[in-house]
Amino acid sequence: MDYSKMKVLLTDGGARQTLTILHGLKKIGCHVTVICKDKWTVGYASKLPDKKIVDPRAVPAHEDFVPFLLETVQKENIDVLLPIAEMTTDAVTSHEEEFKKYVKLACAPRAAYEQAFDKQSTFETALDIGIPCPYTRRAGQDVEEYLQKATFPLIIKPRHGLGSIGFHKFETEQEFRKRLKDPDFDIDDYVLQEFVEFDKRIGTYAFVDQKNQICMSMAQDVLRWFPLDAGTAVLVRSVDAPEAIHYSCRLLQAMNWRGFANVGFMIDRHTGQPKLLEINGRITANVKLSYVCGFNLARQLVELACDEKVTRYADNKHFGVMVRHMQGDIPWFLKSRDRFRTKPSWFSWKNTKDLVYWKGDFKPWLVYTFAKVFGYKDAMEKRKHQ
């Protein structure tokens, strides 16, 4: 395939993971256009895009987002549309038949994406095929029947949601029953599970081609996360975790997944067993770790979109490589009691790459840092675990 003639449109110019995909596309010679809501985004700040389109409609929250995308792919003669963030992927796949009239889509099909976005549906599939999970209320199961076998603490998380937003932990049955009586609370809008005591979280990356074959897989250990109780990763390390990789590949194949996915597991403190946490159907922020380990997911996504043979990578052997989200690790340091006991040391950069910083393309790091500092308060409000 002649990538130099391939015109790719990247969404979510403000997302830090967009930079990794951008670097991957430019590495194989694609012509890349990035859409951004304004000039204060990493996509606009980067020197790599061949073209940058700034438009307030370039975010999925805008009512004209889908018409704007359809207009752009036609006007710019785009060959491949590559959605990045979760809500963008949701919007694109919701209209996938309309988009396919004009452009190839580099993302999972709508049916698989809907199942992954619905956490309850994901756990139903996992339980049906024997993937280890926390004790989970099944769809339609009577709450009282579930409580008879459940052990507190319990947690709830929205069936459809991002990161840790909407998560809550109930220490006692009394506390949980009080929430049940709230007229504005519907338990069917949430996944209800036993809380798993864990010290480690393992995330796996996998790519499934059009023949349902695994074309790459690797695992990362989440060493630190913020907020402290159930936040997003701020330091990850590549690890050898064959059991978690095996479970994630089985689950994705059972879901008829296509393309890239990130499957998260908690390692039960008492049993050492990995238990399913979630599937991220989007391109996750820490995808840079896969790039550092030698996997070009952007290339695979373009190949899949064009129905070409997808590049197959050997099993990852680059263990101990780390990627750090410094703008999230600083508040971790300020809030954590383990700030001076954590391993590796918070002050160490050995075998570590910064999530947003790219050599020779420094401006996105400055713009992103500025945005995080001034948006910190609002971000924390969204992540309150009520």
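The values are calculated or read from the model by the stated rules, or taken from the named source; none is laboratory data. Only a predicted model underlies this, so the values are computations on that prediction, with no experimental measurement involved. Every residue, glycine among them, receives a Cβ derived from its backbone with ideal geometry; neighbour counts consider all protein chains shown.
General remarks:
- When residues of segment 338-378 are limited to those that are over 20 Å from the mean Cα position of the chain (by Cα) and of a type in the set (Asp, Glu), the one surrounded by the most Cβ atoms within 10 Å (Cβ to Cβ): ASP361
- Residues in segment 62-83 that are closer than 24 Å to GLN253 by Cβ and either assigned to a loop (DSSP other than H, G, I, E, B) or in the same structural domain as ASN256 (by TED's automatic domain parsing) (or both): PRO83 alone.
- Taken over segment 258-297, residues that are under 16 Å from the mean Cα position of the chain (by Cα) and within 25 Å of GLN327 (Cα to Cα) amount to 22.
- Listed by position, the strands (runs of 3 or more DSSP E) enclosed by segment 268-384 that each have at least 2 residues that are touching a residue at least 24 places away in the same chain (Cβ under 8 Å) and under 19 Å from ILE245 (Cα atoms) are 274-280.
- Taken over segment 150-172, the criterion of being of a type in the set (D, E, K, R) and under 18 Å from GLU197 (Cβ atoms) is satisfied by LYS157, LYS169, GLU171.
- Positions within segment 100-130 being part of a loop (DSSP other than H, G, I, E, B) and under 30 Å from ASP79 (Cβ atoms), in sequence order: LYS100, LYS101, TYR102, VAL103, ALA106, CYS107, ALA108, PRO109
- Selection count where residues are buried (at least 23 other Cβ atoms within 10 Å of the Cβ) and under 24 Å from THR352 (Cβ atoms), scope segment 245-262: 2
- Among (1) touching a residue at least 60 places away in the same chain (Cβ under 8 Å); (2) surrounded by 15 or more Cβ atoms within 10 Å (Cβ to Cβ), the one test that PRO109 misses: (2)
- Members of segment 133-192 that are surrounded by fewer than 18 Cβ atoms within 10 Å (Cβ to Cβ), in a loop (DSSP other than H, G, I, E, B) and charged (D, E, K, R): ARG138, ASP142, GLU171, LYS181, ASP182, ASP184, ASP186
- Search result, residues across segment 178-205 that are of a type in the set (Phe, Trp, Tyr) and modelled with pLDDT of 95 or more: PHE185, TYR190, PHE195, TYR205
- Single residue of segment 15-56 satisfying the filter (in a loop (DSSP other than H, G, I, E, B) and of a type in the set (Val, Ile, Thr)) that is farthest from VAL80 (Cα to Cα): THR41
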